[in-house]
Amino acid sequence: MSLSDLLPEGPTGPSAQILNPYPWIDGGRYPVKRTVGEKLEVYADVFRDGHDLVAAALCYRPAGDSQWRESDFRPLEQDRWGGQLRFPEVGAWEYTIVAWPDDIGTWLRDFQKKLDAGLADLSVEIEEGALLLETSARLASQVGHSPAAEQLATAAQALRLSAPAESRELILAEPLPSLWKRYPDRRLATFHPIMRAYVESERARFSAWYEFFPRNAHHDGQTHGTFRDCLPMLDHAARLGFDVVYLPPIHPIGQTNRKGKNNTKTAEPDDVGSPWAIGGPAGGHYEVEPALGSVDDFVWLVQQAKARGLEIALDYALNCSPDHPYVTQHPDWFQQRPDGSIKFAENPPKKYEDIYPLNFHCADWKNLWQELTRIVLCWCERGVRLYRVDNPHTKPVAFWEYLIATVRRRFPDTLFLSEAFTQPRMMQVLGKAGFSQSYTYFTWRTSKQELIDYVNELTQGPMKDFYRANFWPNTPDILAYELWNAPREKFMIRAFLAATLSPSWGIYSGFELCENQPLPPKEEYLHSEKYQLVARDWEEPGHIGDFIQRLNQIRRRQPALQEYTNVGFCRVANDQLLAYTRMASETGSPLLLIVNLDPERKQEGTVHLESLGLAPGQRFTVRDLLTGKHYSWSGPENYVALDPEKAVAHLFELSLP
């Protein structure tokens with residue numbers, strides 16, 4: 001190897017250093033997440049050798065496009081630079097930072113220094129400035145911008161004829177600076193390696209989910225519902241203000257080892273079984289349970305939902321009952337035991353005798369992965385764009401990267417919700433791999449400090465660029481200990497927290513009725529709807545449907561509640577009072593939210609609002625959006641009291657001076 005082999009590419013190598021970009025997820029291994037129109041703030045250290053100035057820009061384009069678009073990238077402090085991007089369309093995007101010598105800026109700075117020093121002869125310096133303007137004129141002409149080229153060339157000649165004291169003012173007179181900054185000499189430009197972003201629809205950031213079982217549409221505990229029976233439940237979800245209706249698996253349910261009521265191992269002839277045990281004589285993941293209707297009936301339901309402003313989300317569960325067609329067609333796709341039998345799904349000491357797990361690392365894994373991806377593509381063709389994915393942490397991350405990327409090449413607006421209640425690192429890497437949203441530990445974060453720490457972790461740290469939380473206080477699998485036999489006020493508290501701490505939240509039906517009977521010692525429902533039809537009285541006194549409806553109405557009207565990273569917690573000495581602000585980044589009113597975490601007793605305290613910059617004695621008005629009541633407050637410290645018999649929370653809109 002010769003010395004010349006070690007020289008950098010280009011005439012003199014990089015002219016600038018571009019270091020420490022942010023966000024930069026795992027060295028660029030994974031893309032940053034944003035939604036259409038949402039701001040992406042980009043930072044980097046940009047500098048060059050010597051004393052000459054440097055200029056920089058943010059460049060972005062749809063992935064693979066030949067043309068770059070540009071956005072400003074400006075110095076902040078020392079060598080740190082920053083800029084913003086907003087992506088206009090769903091899909092994969094690329095962006096980078098380019099830096100180059102700022103020749104005209106350097107000339108202006110040095111020329112002024114020489115003027116200030118009183119140097120008499122600056123003719124050579126003026127000629128240097130004129131030549132730089134002519135270079136910009138030539139570059140403008142090369143890209144077909146003749147008017148700009150003419151203006152720059154004319155300015156160069158005027159500069160040559162100007163007196164030194166007039167030269168700087170001439171070159172800084174608008175529109176000249178805009179022109180020479182637009183057509184700089186970038187022959188020595190330095191480019192940072194390309195960075196990636198995946199841009200999704202607003203639904204990925206702001207959504208309200210409602211889950212119900214179509215087979216239980218009659219709610220009498222006896223009659224099996226069909227897709228055609230679900231219109232009242234769609235109307236119910238829409239009336240409560242939800243925009244996504246999530247359905248548990250709708251596919252044929254296996255007969256072999258079918259689970260009975262309350263997850264018993266022996267099913268009675270009329271037991272409906274668990275819908276997560278997929279596959280039977282009627283088919284597998286491409287088909288629907290005959291008792292629900294037909295595929296055409298399901299497509300009709302999707303259309304009916306859209307007419308009500310709702311989207312249907314399907315459960316994508318890669319479970320196969322012993323009756324699934326894959327078991328006979330591809331037995332090698334399953335976990336084989338030494339005796340030749342297929343292994344049941346297990347989470348010791350639990351064993352799921354109605355489910356066979358797939359072997360994602362079998363010899364025929366490529367065909368298996370392609371087949372499982374075709375399932376999603378099939379349902380996308382039937383109108384579904386949202387998927388709640390069952391237990392993704394038990395499948396290879398590489399599989400999800402492949403599936404999500406493949407689906408999005410054909411249907412770029414497809415969203416995936418990860419149901420991974422598992423270790424933090426796995427939950428995070430699933431977000432990096434492409435999942436749009438994720439269930440979280442919110443279900444078990446109950447104390448004031450737990451909530452503060454967890455929300456800050458999700459929204460203020462590195463996770464905010466690749467992981468979007470969806471807060472659920474309950475699911476068909478989980479009746480959290482906190483809700484065991486709990487009063488309605490506790491359900492209201494958890495709904496308020498979920499709906500206002502995260503822009504995406506959801507409930508499983510029955511939560512609005514404050515269903516609270518557990519199956520001790522497990523965090524599960526007694527008479528779980530997973531295994532049987534359940535009777536419900538939607539007119540029963542004590543439900544909190546009106547409260548949930550009001551929360552969702554406020555969320556839709558308040559931009560501050562639709563953002564993800566704008567939660568700021570306020571000091572309150574009382575550990576049972578949680579106070580936080582939601583400040584809209586662009587339009588909309590600032591909000592102050594205060595919730596009593598104690599469902600039984602009145603709690604009071606002083607809320608400190610230092611972050612609002614209020615002077616002592618400065619008066620302002622707060623209006624509770626839940627009740628419509630107005631209060632006059634003064635300065636950064638104000639007293640609050642919440643009696644859960646009257647109100648579990650305040651949701652204040654602030655009218656600040």
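If ligands, DNA and RNA are left out, what is the accessible area of residue 124 with a 1.4 Å probe, given in Å² to the nearest 10?
Roughly 90 Å² of residue 124 is accessible to a 1.4 Å probe.
Going by amide H atoms built from the backbone, whose H comes under 5 Å of the H on residue 279, apart from near neighbours?
Those qualifying (amide H under 5 Å, at least 5 residues apart or on another chain) are 253, 254, 321.
For the range 201-206, just list the computed ³J(HN,Hα) in residue order, Karplus coefficients 6.51, -1.76 and 1.60, θ = phi - 60°, integers in Hz, with x standing in for Gly and Pro.
Result, ordered by residue: 5, 4, 4, 5, 9, 10 Hz.
If I take R0 = 60 Å and measure r between the Cβ atoms of residue 477 and residue 20 in this structure, what FRET efficiency does the formula 1/(1 + (r/R0)^6) give, to the nearest 0.05?
0.90
Contact order normalised by length for the chain, with contacts defined as Cα pairs under 8 Å and 6 or more residues apart; what percent is it?
That works out to 10 percent.
Provide the net charge surrounding residue 599, with neighbours chosen by a C-beta distance below 9 Å and charges set as Lys +1, Arg +1, Asp -1, Glu -1.
Spelling it out: positives minus negatives among the neighbours equals 0.
How many Å² of accessible area per residue for the range 453-577, probe 1.4 Å?
With all protein chains present, the range 453-577 gives 35 Å² per residue.
In straight Cα distance, which aspartates and glutamates are under 15 Å from residue 181, not counting same-chain residues fewer than 8 positions off?
70, 72, 102, 103, 134
Could you run the Karplus curve 6.51 cos²θ - 1.76 cosθ + 1.60 with θ = phi - 60° over the range 350-362 and give me ³J(HN,Hα) per residue in whole Hz, x for Gly and Pro?
6, 9, 9, 5, 9, 9, 9, x, 6, 9, 6, 10, 5
Round to the nearest 10 and give me the degree value, 0 to 90, for the angle of helix 545-557's Cα axis relative to the longest principal axis of the chain.
For 545-557 against the chain, the angle is about 20 degrees.
Restricting attention to the range 142-217, which trypsin sites (Lys or Arg not before Pro) occupy a DSSP loop and are surrounded by at most 14 other Cβ atoms within 10 Å?
Within the range 142-217, the qualifying trypsin sites (Lys or Arg not before Pro) (loop, at most 14 other Cβ atoms within 10 Å) are 187.
Extending each Cα 7 Å along its Cβ direction at residue 78 and residue 123, get the distance between those two points in nm, one decimal.
Using points 7 Å along Cα→Cβ, the separation is 4.6 nm.
Using the alpha-carbon atoms, what tilt in degrees (0 to 90, nearest 10) does helix 448-460 show relative to the longest principal axis of the chain?
So the inclination is approximately 50 degrees.
Along Cα→Cβ, 7 Å out, is where each label goes; now give me the distance between the ones at residue 584 and residue 627 in nm to one decimal.
Modelled inter-label distance: 2.4 nm.
Contour minus end-to-end for residue 336 and residue 446, with contour as 0.36 nm per residue of separation and end-to-end as the Cα-Cα distance?
Gain on stretching residue 336 to residue 446: 35.4 nm.
Quick one: Karplus J couplings for the range 35-40, per residue in order, coefficients 6.51, -1.76, 1.60, θ = phi - 60°, nearest Hz, x for Gly and Pro?
My calculation for the range 35-40 gives 10, 4, x, 6, 6, 10 Hz in order.
Summing +1 for each Lys or Arg and -1 for each Asp or Glu, what net charge is found among the other residues whose Cβ lies under 12 Å from the Cβ of residue 157?
-2
Label residue 166 and residue 370 with points 7 Å out from Cα along Cα→Cβ: what is the distance between them in nm?
So the label points at residue 166 and residue 370 sit 7.6 nm apart.
Could you look at the chain and say what percent of its accessible area is carbon and sulfur, using a 1.4 Å probe and all protein chains?
50 percent
Determine, from the Cβ-Cβ distance of residue 401 and residue 268 and an R0 of 45 Å, the FRET efficiency 1/(1 + (r/R0)^6), rounded to the nearest 0.05.
0.55
Whose amide H sits under 5 Å from the amide H of residue 359, counting only residues 5 or more places off or on another chain, with H placed in the peptide plane?
Sorted by chain and number, the residues that satisfy this are 334, 335.
If you take the beta carbon distance between residue 181 and residue 360 as r and set R0 to 45 Å, what does 1/(1 + (r/R0)^6) give as a FRET efficiency, to the nearest 0.05?
Approximately 0.25, to the nearest 0.05.
Which sequence of 397, 90 reflects their accessible areas, 1.4 Å probe, from the largest down?
Descending order: 90, 397.
Looking only at the range 630-657, which residues have a backbone nitrogen under 14 Å from a spot 7 Å from the Cα of residue 610 in the C-beta direction?
Residues 636-637 fall inside that zone.
Near the amide H of residue 274, under 5 Å away, which other amide H atoms are found, from residues 5 or more places off or on another chain, if H is placed in the peptide plane?
259
The values are calculated or read from the model by the stated rules, or taken from the named source; none is laboratory data. Being a predicted model, the structure only gives us computed values, none of them experimental. Note: ideal-geometry Cβ built from the backbone for every residue, glycine included; neighbour counts use all protein chains shown. The accessibility values were calculated without ligands, DNA or RNA, using every heavy atom of the protein model including side chains. Shrake-Rupley method; radii C 1.70, N 1.55, O 1.52, S 1.80 Å.
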